[in-house]
Amino acid sequence: MTVIAAVLLAFGLVLTGCNAVEVGGVSGPVEVGGADVPEQHETVSYDVSGELTALRVATGAGTIDVTESARSGTRVTETLRWKGPKPVTRHAVDGGTLTLDHTCPSDDKVWHNRMCVVDYRVEIPHGLEVKADAGAGTVTLHALSGTVEARSGAGDVEADDLSAERITASSGTGGVRLIFSGPPESVEVRTATGDGVVRLPQGSYHVVTGTVTGRERIGVVDDPASPRSVRVTSATGDIDISQR
């Protein structure tokens, strides 16, 4: 129950941090963006050269898709969608870490249907450490071999063909589904209301689970002495850990 209490507290803090902010105290004439403002789109792709060791990518309501491939460099595709001011994307490299994020500029209008979204699709070379954080969108990961930390506030986290030795994945109101092609050393999954699903290669694992109202299914050899650990906790979601 101590683990579950910590999970509930953690996600309670996350979810209460997402309260809507009321706009008030406006004086003088204000121009209002009408409901007939068309949605605009733009897709931009570019290559990032040089030796990288890590990727950091964050978005608000957009999606994140990261794929490891045999390429030597990194390829980024950004899809921008907006009503009102256009998102401003940033892609900085510092100390071998590529950081992708964006800002939503403000203006003098009060937009009834404002939109400011950036979706990221990134192809990376072998072995990069990946940290992906989406506020409300889905995080999708393919064939990653480096250390992974993935989070979505209100979307799913889905990963397949993983050979990463260490991964942490969490979601507030979405689910987490991880499928491994190689046996990991450490897996930690946390959800508030979604399911936590892990598919593992044959072998023994030290399995730790906890859920308040969900169901649990353990389909792998649970050995407390195993050096490979799998920890899955959820407040109200189901837990399913089985052999792939």
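The values are calculated or read from the model by the stated rules, or taken from the named source; none is laboratory data. These numbers were taken from a predicted model, which means no experiment stands behind them. Positions of Cβ are backbone-derived with ideal geometry, glycine not excepted, and every protein chain shown enters the neighbour counts. Areas reflect the complete protein model, heavy atoms only, side chains present, ligands, DNA and RNA absent. Shrake-Rupley method; radii C 1.70, N 1.55, O 1.52, S 1.80 Å.
Tabulated results
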item: Condition broken by residue 147, with the remaining ones in (1) over 30 Å from residue 70 (Cα atoms); (2) among the polar types (S, T, N, Q); (3) touching a strand residue (DSSP E or B) at 6+ places or on another chain (Cβ under 6 Å) satisfied; result: (1)
item: Any pair with Cβ under 9 angstrom, 6 or more apart, that starts in the stretch 200-222 at a residue that is basic (Lys, Arg) and ends at one that is open to solvent by less than 70 Å² (accessible area, probe 1.4 Å); result: 215/238; 215/239; 215/240; 217/238; 217/239; 217/240; 217/241; 217/242
item: Total residues in the stretch 189-233, condition under 23 Å from residue 139 (Cβ atoms) and either open to solvent by 70 Å² or more (accessible area, probe 1.4 Å) or assigned to a loop (DSSP other than H, G, I, E, B) (or both); result: 8
item: Verdict on residue 166 being at pLDDT 95 or above and within 23 Å of residue 88 (Cβ to Cβ); result: no
item: Residue pairs meeting the criteria (Cβ under 6 Å; at least 6 apart or on separate chains; first of a type in the set (Lys, Arg) and surrounded by fewer than 17 Cβ atoms within 10 Å (Cβ to Cβ), in the stretch 160-178; second at pLDDT 95 or above and not in a loop (DSSP other than H, G, I, E, B)); result: 166/186
item: Failed criterion for residue 184 (all others in (1) more than 20 Å from residue 136 (Cα to Cα); (2) open to solvent by 30 Å² or more (accessible area, probe 1.4 Å) hold); result: (2)
item: Those strands (runs of 3 or more DSSP E) lying entirely in the stretch 54-140 with at least 2 residues open to solvent by 60 Å² or more (accessible area, probe 1.4 Å) and under 16 Å from residue 151 (Cα atoms); result: 129-134
